[in-house]
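Asks: Encoded as structure tokens, here's the structure I'll be asking about.
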Amino acid sequence: MYLRFMKHFLILMSLALSTTSFAQKKAEIEFQVNGVCGMCETRIEKALDVPGVIMASWDRETQKAKVAYKTKAISEQQIHQLIADAGHDTDRIKATDEVYNNLHGCCKYRNGEGGSCSGEEHDHDDDHRRPE
């Protein structure tokens, strides 16, 4: 009788623990992110390809990022910082001049200095590598 009780108790505890481990709170946010082209879009979305981020997209037309994330794994502030660390200003955090200056010329969005790529999808991977 005691063994059967323990068996049921352990099964119930196992179920309870597995349920709470999957019950992380999820949130969705939308905010301003500066950029100009398809390469910017790729860079912004790649910066958010981290544990805790469920989905991230950036729209060139609206200059807005939409992000779904697990609140226990990553904070909204960390999300903004990841984008700024990639060289793009958000409505909360400005990218450092050093990181911004390493963006490809057509990706520069401050003071109207970029945009020579006409916003189309293109690939400048070889042109914007950071110095080692």
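Asks: In this structure, is residue 84 open to solvent by less than 60 Å² (accessible area, probe 1.4 Å), closer than 14 Å to residue 35 by Cβ and assigned to a loop (DSSP other than H, G, I, E, B)?
Replies: Numbers: open to solvent by less than 60 Å² (accessible area, probe 1.4 Å): yes; closer than 14 Å to residue 35 by Cβ: yes; assigned to a loop (DSSP other than H, G, I, E, B): no.
No: the conditions fail for residue 84.
Asks: Okay, next question. Taking residue 79 and the conditions (1) within 23 Å of residue 104 (Cα to Cα); (2) under 9 Å from the mean Cα position of the chain (by Cα); (3) in a loop (DSSP other than H, G, I, E, B), which numbered condition does it fall short on, given that it satisfies the others?
Replies: Evaluating residue 79 over (1) within 23 Å of residue 104 (Cα to Cα); (2) under 9 Å from the mean Cα position of the chain (by Cα); (3) in a loop (DSSP other than H, G, I, E, B) leaves (3) as the failure.
Asks: Going by the conditions given, is residue 72 exposed (fewer than 14 other Cβ atoms within 10 Å of the Cβ), within 11 Å of the chain's Cα centre (by Cα) and of a type outside the set (S, T, N, Q)?
Replies: So residue 72 fails the test.
Asks: Could I ask something else about it? Just one of (1) at pLDDT 95 or above; (2) surrounded by 15 or more Cβ atoms within 10 Å (Cβ to Cβ) trips up residue 119, so point out which.
Replies: (1)
Asks: Right, another one. So, of the residues in region 40-64 that are open to solvent by 70 Å² or more (accessible area, probe 1.4 Å), touching a residue at least 12 places away in the same chain (Cβ under 8 Å) and outside any strand (DSSP E or B), which turns out to be farthest from residue 79 (Cα to Cα)?
Replies: Filtering region 40-64 for residues that are open to solvent by 70 Å² or more (accessible area, probe 1.4 Å), touching a residue at least 12 places away in the same chain (Cβ under 8 Å) and outside any strand (DSSP E or B), the one farthest from residue 79 (Cα to Cα) comes out as 60.
The values are calculated or read from the model by the stated rules, or taken from the named source; none is laboratory data. Because the structure is a prediction, the values reported are computed rather than measured. For neighbour counting, all protein chains shown are included, and Cβ atoms are generated from backbone atoms with ideal geometry for every residue, glycine included. Please note that ligands, DNA and RNA were not included when accessible areas were found on the heavy atoms of the full protein model with its side chains. Shrake-Rupley method; radii C 1.70, N 1.55, O 1.52, S 1.80 Å.
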